[in-house]
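One structure is given here, and the rest of the page talks about it.
The values are calculated or read from the model by the stated rules, or taken from the named source; none is laboratory data. Predicted, not measured: the structure shown is a model, and the values here were computed from it. Counting neighbours? That spans all protein chains shown, and the Cβs are built from the backbone with ideal geometry, glycine included.
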Amino acid sequence: MWPPRLLTYYPLTLNAKWLVRLLITICGLALFNLSRRGARSALRHSTEECPNLRHKLVPSSRHSIYLRRASPAFCRGQVLVLVTLAIVMLIGCVALAVDVGFLWGAKRRMQTAADAGAAAGAIASREGYGVTTAAKDATALNGFTDGTSNVNVTVTNPYSGGSCSANCVQVTVEQEQPTYFLRVLGFSQIDVQASAVAGTLNSGSCIYSLSKTASPGLKVDGSTTVSIPSCDVVVNSDGSPGATCGGSASFTAGGIAVAGSVSGTCLSPTPSTGAGQTADPFSYLGTQPSCSGNTSQNITNGNTVTLTQGSFCGGITIHSGATVTFSAGTYNLGSGGLSISGGTIHGTGVTFISTGTISVTGGTINLSAPTSSTYKGILFWDTTTANTTIAGGSGSTFDGAIYVPNSLLKYAGNSSGSGYTIIAAGSVEFTGTSTVGDNYSSLSGGTSPVESTVLYQ
């Protein structure tokens, strides 16, 4: 029944000010039409039936005598009724406009709270936290606390519907709002609600040069061939140049955005310069866990070793001719870092955390990051300011994120045929032929470790 759920079923896009203006305009047009009808009717009665204004138009008869005697009072009474109706209608229209304006303002505030709640819920779903708690906390911060002042916040998780496909959460905020003028029609409160749906999308980028001052932030030189066919490259450097590509190098990506200028013509497609700078995509990792102890590993030629996760604060060194298997888990290298100069290296579901130098300069290396849990998709995480080198030999693959936000990364490597690589470094230099994939199907939910939260409705 209208109006108790008017603002629920008809989510208009007009704001309150324009809605009020529209209602007043409609009422004005209705009053104008009513006044015209009244004026015409009064004039007709005055000219045809009121004897004081015009002589009778029909022969004298008993009927015409009746009109002459009744018409003056009739004319005055009709105008009075029309004016009264017009005033009542005007008051009703103004009252409706005022109440609807207040209700629409309340709905807009609810919508803001619902949007915030849905976005918070989607982020919590992605990170594995309490979705309902996160969503309701967000609506409370925006003025609508579940269970107080007749506020009802409903969280649907997971939500299925529309175009949302990952980490979908729906939040509905509902509250009865008081009316002012509509009370005379029996509506002292009207139920108003707003809802929103949010989810996550894989980031369209897989190479991030994060430094705003490095010059260049991206470097491709020599005879290097780099293929990034289906994702984008982001360069935050606003230097001159922000990116450079020379020699006989070839660099192809889905798109290239550079905050500064570009030197060279081998970047394809033509970079978009003057682009906005992108935030650190892995800032959600927070602070690195500390490393305790002084355990180290130095694996030499001819040795075959299987390592298990743990703290190796003195670092891990692997020489040519060694065969090393890293069991799944997290390897905290502390300031000792990681040095691989050759050998055959395998590791599935591994993450290397370091504050020291990572240098991978040879060998046949096949490493992949965890597919779920805290370090989902994170292969290397190093906070050193020293240069980082990852350049395995032929057949080497690195599936996962290489996150070295404070250093120059010199990279030559590939994703596996059905894998992915994400690079987020202070600056990036490609030193050899590289192919970067973006197939995240091996990860839980099939989603990238770098995701964006999106409002769907």
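Things worth noting here:
- The single residue among S394, S441, S359 that is in the same structural domain as S296 (by TED's automatic domain parsing), of a type in the set (G, A, S), out of contact with any Leu (no Cβ under 6 Å at 6 or more places or on another chain) and closer than 30 Å to Q170 by Cβ turns out to be S441.
- Among the residues of segment 350-380, those that are assigned to a loop (DSSP other than H, G, I, E, B), of a type outside the set (A, V, I, L, M, F, W, C) and either buried (at least 21 other Cβ atoms within 10 Å of the Cβ) or touching a Ser or Thr at 6+ places or on another chain (Cβ under 7 Å) (or both) comprise T355, G356, T357, T361, G362, G363, P370, T371, S372, Y375, K376, G377.
- Test for T156: is it of a type in the set (S, T, Y) and buried (at least 18 other Cβ atoms within 10 Å of the Cβ): yes
- In segment 250-286, residue nearest to V428 (Cα to Cα) [restricted to those that are touching a residue at least 60 places away in the same chain (Cβ under 8 Å) and either in contact with a Gly (Cβ under 6 Å, 6 or more places away or on another chain) or hydrophobic (A, V, I, L, M, F, W, C) (or both)]: F251
- Set T154, T172: member being over 20 Å from the mean Cα position of the chain (by Cα), among the hydroxyl-bearing types (S, T, Y) and not in a loop (DSSP other than H, G, I, E, B): T154
- Per the conditions (1) of a type outside the set (S, T, Y); (2) surrounded by fewer than 23 Cβ atoms within 10 Å (Cβ to Cβ); (3) out of contact with any Pro (no Cβ under 6 Å at 6 or more places or on another chain), the sole criterion not satisfied by V234 is (2).
- Residue in segment 363-382 that is farthest from S283 (Cα to Cα), counting only those that are of a type in the set (V, I, T) and in contact with a strand residue (DSSP E or B) (Cβ under 6 Å, 6 or more places away or on another chain): T364
- If only residues of segment 412-425 that are touching a strand residue (DSSP E or B) at 6+ places or on another chain (Cβ under 8 Å) and farther than 17 Å from D232 by Cα are counted, the one that is surrounded by the fewest Cβ atoms within 10 Å (Cβ to Cβ) is S416.
- A single entry from A386, A401 fulfils the requirement of being part of a strand (DSSP E or B) and aliphatic (A, V, I, L, M): A401.
- Residue ID - nearest to the chain's Cα centre (by Cα), chosen from residues in segment 299-320 that are buried (at least 18 other Cβ atoms within 10 Å of the Cβ) and hydroxyl-bearing (S, T, Y): S311
- The listed residues are S396, S441, and the only one of them that is polar (S, T, N, Q), free of Cβ contacts under 8 Å to residues at least 24 places away in the same chain and more than 16 Å from S209 (Cα to Cα) turns out to be S441.
- In segment 324-343, the residues that are among the hydroxyl-bearing types (S, T, Y) and either within 20 Å of A425 (Cβ to Cβ) or crowded, with 18+ Cβ neighbours inside 10 Å (or both): T330, Y331, S335, S339
- The set of residues in segment 269-283 that are farther than 20 Å from G334 by Cα and surrounded by fewer than 16 Cβ atoms within 10 Å (Cβ to Cβ) comprises P269, T270, S272, G274, G276, Q277, A279, D280.
- Flag if Q193 is touching a strand residue (DSSP E or B) at 6+ places or on another chain (Cβ under 6 Å), closer than 28 Å to A97 by Cα and either among the aromatic types (F, W, Y) or assigned to a strand (DSSP E or B) (or both): yes
- The residues in segment 126-151 that are among the small types (G, A, S), more than 28 Å from N202 (Cβ to Cβ) and either assigned to a loop (DSSP other than H, G, I, E, B) or in contact with a Pro (Cβ under 6 Å, 6 or more places away or on another chain) (or both) can be counted, and the count is 3.
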